[in-house]
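Following: one structure in structure tokens, then a few remarks.
Bear in mind that the values in this text are calculations on the coordinates, not laboratory data. None of these values were measured; they are calculated from a predicted model. In this analysis, Cβ positions are derived from the backbone assuming ideal geometry, glycine residues included, and neighbour counts consider all displayed protein chains.
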């Protein structure tokens, strides 16, 4: 029984680790997208003021 308990605890910790990794992944995509939008706006800004 202790084997199954330890396995369950490990799975629970892995779930939190996976959740954390997923959050970081989504946050990274969000930052990249934000930077992409900023670059697009800067290009428009440069074209309009040229």
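Odds and ends about this structure:
- Extension gain for the segment residue 18 to residue 3, taken as residue separation times 0.36 nm less the Cα-Cα distance, is 3.2 nm to one decimal.
- Summarising the label geometry, the points placed 7 Å from Cα in the beta-carbon direction at residue 39 and residue 10 lie 4.2 nm from one another.
- Between 0 and 90°, nearest 10: helix 2-48 axis offset from the chain longest Cα axis: 0 degrees
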